[in-house]
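Contents: one structure, followed by commentary.
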Amino acid sequence: MNQQDKQPESGGFAPVGTWVLLCVVALALAAGWLFLYFGVFLPRGTIQ
Amino acid sequence: MSNDPNLKDKLAEDARELMALPGELHIDPLERKWIFVALGLIGVFVLAILYTAFAKHVHPPGEMETLDSARLHLGGEFAEDKLGVVTQPDGSVKVTLVAARYGFYPREIKIPAGQSITFRIASADVLHGIHVPMTNMSTMVVPGYASTVTTIFPKPGEYPMLCNEYCGMGHDHMWSKLTVVSQENWRSGLTNTQSTGR
Amino acid sequence: MADKSFKTLILAHLWVAFGAFGLACVLGFYQVLERSGLIDFIESPGVYFASVSTHGVLMGFVLTTFFIMGFGYLVAATSLKTPLWNPKLAWTGFGVSAFGTVMAAIPLLLGKASVLYTFYPPVQASVFFYLGATLLVVGSWFWAAIMVVMFNQWKKAHPGETVPLPMFAYTANAVLWLWTSAGVALEVVFQLIPWALGWIDTVDVGLARTLFSWTLHPIVYFWLIPAYIVLYCLVPREAGGKLFSHDLARIAFILLLVFGLPIGFHHLYMDPEQGKGFKMIHGIGTFLVALPTLMTGFTVIASLEKAGRDAGGKGLFGWVGALRWRNPVVLAAILAFLMLIAGGFGGIVNASYAMNAMVHNTAWVPGHFHLIFGGTTVILYFAAAYAVWPKLTGKSLATGSLALVQLWTWFIGMIILSTPWHILGLLGQPRRISSVVYNSLLTLAWDPYELAMIVGGAVLLGSALLFLHILAKSQKRGEPVEEVTAEIQYAASEHPVTRVPALLNGFGFWNVVILALMLANFGYPIAQFFLTKTFGSTGWGY
């Protein structure tokens, strides 16, 4: 059974709310991490 | 066991099935997109880490180097008269410390800001951790192993070097004093330090 | 499931788990109060570190292991619809674990095992602590064996059929636990016990830490998988819907099993005895294991969205309001996801290779694991208890909306406790200290956060006691439930489950993959201790 088609499953239900919500979460995680990594961690002094 | 043809054939069959897996499953198109977003998110973190590791040499400390913690005092790199801050002939600064209940020895050290400092630390007894708040000077000190960590202190000031691994009842009070002096003061050899608390 | 002695077995496990939990919460509140320095006469490193050690063992070994075993037997029997295999063996395992717990508890409470949850040498505890902890783990191996046997027996009796998802996931958890516990077992059996008994003089601390790190990461997935089973297999039905993606659920559990194991060195980033190369490899592996959690978020939230939309929710987010917020299992799931986002973020930071220097052994670390474990995982354990309690006791939950109050207060308390804790970590406060006073200006910034944490601790303690009260009162005085079947209704799948590939119905292939990954990621790092001359440490007191 090839499910490559673009039609939503289960009688037309596409979890758009979930998709938008989680994309926002992903963006927030990325932004938060990049801020911590390049804005807090590295300015405290490089380490090796 | 690896000569057993049935086992090898079975594994090969499993591997083929693994490759065919994505086509066989029910995956909603939006969820499929989400998986790519998730992998992309992970990719952002991994790429940033790989980039700073290979292009900027940003790494955690660690390469295995053994030593006998019970015999530090008998000579060698961590003998008492060798401890402290030493400016190498090429201008770089090396700090040699011993961690022992309950302090980092020597208890007060001064180093310059804005340049690479290499710390060499050994434990004379149990596990310790050393960390200077608001900086990236951080490493574990494991008995039987020499710790090496290299970092830069951007801001002059007075900092505590705190032990952050449980080492006994005195752990709460295990700390030493680190003074970071500005480059010019260091170079002119002055001991005039600014106490900023941060 | 009508079998009374089976219910007694489960209840015995759950009461040991939750009883340990209640005691540990009292200790936890004492600790946050003591550390603040507010109350002079309770200050004592001796009592504090005995408390932290006991609290850690109760929460991270007793609550978890006993809950997971008890809930596991329940899921096995009810999802496979067969009786428990070899109940005598199950009771034996329970007895061994319980005996071990008591044996370890005595030195812990007497202050003779103040070596903390991680018991890193060369600080040495009473040998009875190590022996007791070993027995606790050995008892759980009986459970794991029973789960694997029931899984295989069912497959033999139903050739070609799909193992029900709850049991597939729980067996993955049993397999995971066997691989996971091997690390600490090696450390305790070959190093710590002979050393504590005086049979060997020294232990290599680097080797001990490496073996412990083998266990230290996957153990959190051992704890997490039962919580995810609640999310996939109970929550959608309680929400009035179905599981959105059954196939991806199976993949998520496989990914957790396979990638959760070979990545322990993110606990050793700051250690000298392992090198940068292996640390980098473990680090990348740690990022990969974030994927099944991100997948779980989508699958379960999509299931909730469908249920919310079917209940009338409109627009992009209207379904959120339309969810059954007054159902304890659904509420717990929503709160769990909120804590999973924050806790997951903290975990990603911890995993980030050199950035670990910013947070290692600071207060950030306990802030993180209280949020992700005490928050996300434990709130789902509460949900599981609320869901199955009527089946086990034959009585309905006696206390109306108190369960909702309990869950909300647990969530709020956890946020109040863990947020300042994370900030203290970024400000450099060490972990595992009984007093926060240093004669250094930088550390004065910590005080307001310590005080805020007391509020969090108090709310959590109240919530924990309320949880125990709800369970006890329901069991004693709840209204009898008339239906006799007491079967557990698991969430149905949105799409009819016909057949799944063999790879998603068994673990033979995956065990081979795990073996290969463990050899690659731990083989040389452990062997190196035997190929070089190392200097061990004798036992130190504290």
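The values are calculated or read from the model by the stated rules, or taken from the named source; none is laboratory data. Model, not experiment: these values are computed from the prediction. Cβ coordinates were reconstructed from backbone atoms using ideal geometry, including for glycine residues, and neighbour counts include every protein chain displayed.
Side notes on the structure shown:
- One residue from C:Leu291, C:Leu257 being out of contact with any Ser or Thr (no Cβ under 9 Å at 6 or more places or on another chain), of a type in the set (A, V, I, L, M) and within 14 Å of chain A (Cβ to nearest Cβ): C:Leu291
- Number of positions in the stretch B:151-174 that are among the polar types (S, T, N, Q) and either touching a residue at least 40 places away in the same chain (Cβ under 8 Å) or closer than 18 Å to C:Pro45 by Cα (or both): 1
- Residue list for the stretch B:87-118, filter: of a type in the set (A, V, I, L, M) and assigned to a loop (DSSP other than H, G, I, E, B): B:Ala113
- Looking only at the stretch C:493-542, residues that are touching a Leu at 6+ places or on another chain (Cβ under 9 Å), part of a loop (DSSP other than H, G, I, E, B) and of a type in the set (Ser, Thr, Tyr) come to 1 in all.
- The sole residue among C:Leu426, C:Leu417, C:Leu340 that is hydrophobic (A, V, I, L, M, F, W, C), closer than 28 Å to B:Ala38 by Cβ and under 22 Å from the mean Cα position of the chain (by Cα) is C:Leu340.
- Failed criterion for C:Val329 (all others in (1) within 23 Å of B:Leu47 (Cβ to Cβ); (2) more than 13 Å from chain A (Cβ to nearest Cβ) hold): (1)
- Odd one out for C:Leu504, checked against (1) within 30 Å of C:Arg250 (Cα to Cα); (2) touching a Ser or Thr at 6+ places or on another chain (Cβ under 7 Å); (3) not aromatic (Phe, Trp, Tyr): (2)
- Any chance A:Phe13 is modelled with pLDDT of 70 or more and in contact with a Lys or Arg (Cβ under 6 Å, 6 or more places away or on another chain): yes
Condition check ((1) touching a residue at least 60 places away in the same chain (Cβ under 8 Å); (2) away from chain B (no Cβ under 14 Å); (3) at positive phi) across all residues:
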{"position": "C:Ala98", "(1), (2), (3)": "yes, yes, no"}
{"position": "C:Met103", "(1), (2), (3)": "no, yes, no"}
{"position": "C:Tyr117", "(1), (2), (3)": "yes, no, no"}
{"position": "C:Ala133", "(1), (2), (3)": "yes, yes, no"}
{"position": "C:Trp141", "(1), (2), (3)": "no, yes, no"}
{"position": "C:Phe168", "(1), (2), (3)": "yes, yes, no"}
{"position": "C:Trp195", "(1), (2), (3)": "yes, no, no"}
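- Qualifying residue in the stretch B:72-86 (condition: assigned to a loop (DSSP other than H, G, I, E, B), within 7 Å of chain C (Cβ to nearest Cβ) and out of contact with any His (no Cβ under 6 Å at 6 or more places or on another chain)): no
- Qualifying residues in the stretch C:420-438 (those that are part of a loop (DSSP other than H, G, I, E, B), at the interface with chain B (Cβ under 7 Å from one of its Cβ atoms) and not basic (Lys, Arg)) - the one farthest from C:Phe49 (Cα to Cα): C:Leu427
- Qualifying residue in the stretch C:357-370 (condition: among the hydrophobic types (A, V, I, L, M, F, W, C), over 18 Å from the mean Cα position of the chain (by Cα) and more than 13 Å from chain B (Cβ to nearest Cβ)): no
- When the stretch B:133-162 is filtered for residues that are buried (at least 23 other Cβ atoms within 10 Å of the Cβ) and more than 7 Å from every other protein chain (Cβ to nearest Cβ), the ones remaining, listed by number, are B:Met137, B:Val141, B:Met161.
- C:Phe265 among the aromatic types (Phe, Trp, Tyr), within 23 Å of the chain's Cα centre (by Cα) and within 13 Å of another protein chain (Cβ to nearest Cβ): yes
- Note on the stretch C:268-279: residues that are surrounded by fewer than 21 Cβ atoms within 10 Å (Cβ to Cβ), within 7 Å of chain B (Cβ to nearest Cβ) and in a helix (DSSP H, G or I) amount to 1.
- Residue tally, condition part of a helix (DSSP H, G or I) and over 24 Å from the mean Cα position of the chain (by Cα), over the stretch C:305-337: 10
- Of residues in the stretch B:28-38 being within 7 Å of chain C (Cβ to nearest Cβ) and either out of contact with any Ser or Thr (no Cβ under 7 Å at 6 or more places or on another chain) or touching a residue at least 12 places away in the same chain (Cβ under 8 Å) (or both), the one farthest from C:Phe244 (Cα to Cα): B:Ala38
- Residue match in the stretch C:44-61 (condition: surrounded by fewer than 19 Cβ atoms within 10 Å (Cβ to Cβ) and among the hydrophobic types (A, V, I, L, M, F, W, C)): yes
- When the residues of the stretch B:122-132 are filtered to those that are surrounded by fewer than 24 Cβ atoms within 10 Å (Cβ to Cβ) and farther than 19 Å from B:Ser182 by Cα, the one that is nearest to the other protein chains (Cβ to nearest Cβ) is B:Asp125.
- Scan the stretch B:77-86 for residues that are out of contact with any helix residue (DSSP H, G or I) (no Cβ under 9 Å at 6 or more places or on another chain) and surrounded by fewer than 19 Cβ atoms within 10 Å (Cβ to Cβ) and the total you get is 6.
- A count restricted to the stretch C:453-489 and to residues that are of a type outside the set (Ser, Thr, Tyr), surrounded by 16 or more Cβ atoms within 10 Å (Cβ to Cβ) and in a helix (DSSP H, G or I) stands at 16.
- Among (1) crowded, with 22+ Cβ neighbours inside 10 Å; (2) of a type in the set (S, T, N, Q); (3) within 27 Å of C:Leu33 (Cβ to Cβ) - the single one C:Thr419 does not satisfy: (1)
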